[in-house]
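Nothing in this text is a laboratory measurement; each read-out follows from the coordinates by a stated rule. Source: prediction; values computed, not measured. Counting neighbours? That spans all protein chains shown, and the Cβs are built from the backbone with ideal geometry, glycine included.
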Amino acid sequence: MIDRVQQHIREHAASWGVELPASARLRMLLRANPENDGIVREIAAGQVGTLAFWFRPHDTKPCLVSKFVGASLTAEAIAECTNLQESANEKLGYRLFPRIYSIAEVGSHRVVFMEAVDGPNYEIQLARAVHGPERSTRALERVVAQVFQELGTALRGLHAVTLSGAPVKWGAQATDYARRFLKLCPEAGGIVSEASIAATADLIDAVALREHFVLTEDHITNYLPGPRAVDQLVPDIRGLCARWPGPVDGLRMLVAFFRASPIRQAFADYDWLDALASCLAKEGRIDLVGTPVRRFLDDIGLKSATAQTIWAFVTGVFFMRAIQELEFHADNAIAGRLRNEFAGYARDVIRIGDELRISPDGSRRLAVSRLDKDQLDGEFRDRDHADFHYSPNTRVFSELIRWLPPALRIHHRIRERHPRLYRAVRRILGLARGALRRLSRR
Amino acid sequence: MTDAGTLRKSRWLDVYQCPACGGPLLKNPDVWECTACRTRYPVRAGVPLLNVAASHSPGFVGVMKRDDSQLASFIGTAESHGWEAALRAVQTPGEPDRVLEAAAPNRVSWRHAANLAPGSVVVDIGAGTGGVACQLAADCSVVAIDRSFIDAAFVAVRARQQKLNTLDSIVAEGSRLPLSSGIADLVTLIGVLEWVPADFPDRDPRESQLEALREVRRVLKPNGCLYLAIENRYYFGYYLGVPEPHARLRYVSLMDREAADRYSRDTRDRPFLELTHSLPDYRTLLAEAGFQRVESYWLYPDYRLTHAVVPVDDPAVARWFSDQHLDPRSHHRLFEQGLYSFFRFSPPDFLAYSVRDYGFVAWAEDTERHD
């Protein structure tokens, strides 16, 4: 099977503009979807399939990628998605989506051959900035700024690929999401009233939206690898574009971003909804998240919207997100805890919305940002300075790296080739240690 | 125990031979009989016992349950309430979810590396609860072999409930396979080879492993391959005090074999037979067993649920993987942060110490297959 994929690559690489050595075997790295561990209900996994990264001998990065797609993705759907991606790339003026070279039936699999995209995705970058040994507030600041700047630019460009010229009202869909959420999460029954739902829908309907090409992944954090997007080969691209018109597409990812575990870890003392709300304040203290988020809101078409309107959209998107997570984890042991968690968040969403209604400009509640990097969680200390040895700038264990490989090699060589000498040295060291211990006792 | 008649299999793959003499087997519903040496092998609950002596082993299910007295009801539960319910009943709190492990598609995420094509004949040695065998049986013909009757009977029930007609489950010994020569496109040995010497405590452990590999080589087609997944003897974590997972002793795999054996006898009254090796040693072992071409992989995070199959023959590829894909959240505690740093920032020379589980695709002949 994989040999036939390799054969296909060899036969067509020249026409794709990928240079390959004449005879040497390509190296292949397989990447499976972690969701296929079976911990969560399979939604996207069947479509994502397995990725094979192909490396020329001695290359330090892959030269192309082949992707084994699931049966649910038809050739027609792939063709439609590819066309939309290409027109998006043209409108953007740069290649946001990787070039798809070819789609072929190999054995019983449909395989997509595409350009390899280098760079860790945002989720990895964010996790390193927050959880990695090189974690620092400055690293987090850089990653957050990069995420929102690149994502804002990409969405602004995607909005230019309009699929429907007619204005769209999203209030009815938001109402539908709210009711579905209440069915899935009965714990929120007394919290989300019909009046709140109606008020939210009215605010949303005051803004006319357009249907356009959307980013199909839910998490921006695991979506864009560096400055490039992954492909968007999904079965129902038109349906997704209809469901997420205008700024809804961007806000989906904003909510997901604040729900991402690295961000919640970084602001452990703060509720993510308060964090998000504080970003909407026009006159808040500048902090590491607020500025990029406000710029992002401008990029997705909410520049002139009031904090109250933005929050109405956030509320609708929150219900959508909650439904998605609750359905995703429906068969999982954490489903009950998740329902309680979302009921609590629903209370905060409504509370913040009510406060904004009392003070529509957001000044009373949101004048002072609650996200202050001096108050970040105690474990999350600033490490991004030259003296800190975990920093990627100074390299980890730089001294260790120099002497440990040869030392270990010598160690193993002595142990394998001269076992008697090895045992003798260990014995001598043991005796010396014992002698030192006895001396220290005296 | 469930009525054997309800579990009777209508059609067996045409690949079996007598494990004692290599003669043809007459497959009666209740007994298989060698037409050459007349040895009779009983069939219990639809599972032929081609090694009666070892079939009492509690197997993987027994290890999960930690209580052999309840094993008798296990197959009955699987039959009456479904295989998933039976596994849930033996789940030990705090251990990985065995149902997920048995059903997760990532159990076979390596299949492209082994170049497995639909319709192939696969032999899964040490099938356990059928996590690999039952998934491959969706489009391949599979012989699931286990030395434990409980495990083999469980896989048979599971296969029947999942309507996998091309899966045979049998009790047999990995080092004496009851299979004709040159019948398999793929043989899997996942977490099995290190246990082989434990069956032959009086023999040199490495020789036992070599013999098992030669036996695998015998049943492979000329262009067939072995998928071997096993731990690295010199994994970095062992230097930091992570217990060796088979013997459950610290530092034991790092010691020379004699010292390890003495240490094992002193601490657990058993010789140290669960041999793992370094990357070059595995390659040597496979070459000695007659495999012409060996591809080596780092199975990340482990060989059970593998998210990435990373070639280690070229350190640059593993370096790229570490830089682009390792997520510190999987290594969140202080000790694991050390390991994470080691993975990500260590030079390529250190790769041999960073890898916990290796995967090897060993080809019987050095030819590329075009199915």
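Worth a mention:
- Among the residues of B:109-115, the average count of other protein chain beta-carbon atoms within 10 Å of the residue beta-carbon is 6.
- Residue-count net charge about B:L286 - beta-carbon cut-off 11 Å; Lys, Arg +1, Asp, Glu -1: +1
- Peptide-level mean, for A:115-123, of C-beta atoms on other protein chains within 10 Å: 2
- Exposed-site-free run, longest, chain B (rule: trypsin sites (Lys or Arg not before Pro); DSSP loop; at most 14 other C-beta within 10 Å): B:67-162
- Computed helical MRE - 222 nm, the protein assembly as shown, DSSP H runs ≥ 4 contributing -39500 (n - 2.57), nearest 500: -13000 deg cm²/dmol
- Within-10-Å neighbourhood charge of A:R423 [Cβ basis; K, R +1; D, E -1]: +2
- Geometric descriptor of chain B, per residue, is 141 Å³ (volume of the convex hull of the Cα atoms).
- Between B:L136, B:L285, B:L100, the GNM of chain B built on Cα springs shorter than 10 angstrom shows B:L100 fluctuating the most.
- Euclidean distance of C-alpha centroids, the stretch A:272-346 and the stretch B:139-162, integer Å: 48 Å
- For A:Y101, distant residues with modelled amide H under 5 Å away: A:F113, A:M114, A:E115
- For B:300-308, mean number of other protein chain Cβ atoms within 10 Å: 3
- Take each peptide in A:12-18, A:51-57, count the other Cβ atoms within 10 Å of every residue, and average; sorted highest first, the result is A:51-57, A:12-18.
- A straight line joining the Cα centroids of the stretch B:187-227 and the stretch A:404-432 runs 31 Å.
- DSSP bridge orientation in the protein assembly as shown - percent antiparallel, rounded to nearest 5: 70 percent
- One decimal place: the segment A:N340-A:R264 gains 25.6 nm when fully extended, by the rule 0.36 nm per residue minus the C-alpha distance.
- Summing charges over all other residues whose Cβ lies under 9 Å from the Cβ of B:T129, with Lys and Arg as +1 and Asp and Glu as -1, gives 0.
- Placing R0 at 51 angstrom, the Cβ-Cβ distance between B:A198 and A:R441 gives a FRET efficiency of 0.70 after rounding to 0.05.
- For B:H307, the residues whose modelled amide H falls within less than 5 Å of its own, excluding neighbours fewer than 5 places apart on the same chain, are B:Y300, B:D302.
- Beta bridges per DSSP with both ends in chain B, % antiparallel, nearest 5: 55 percent
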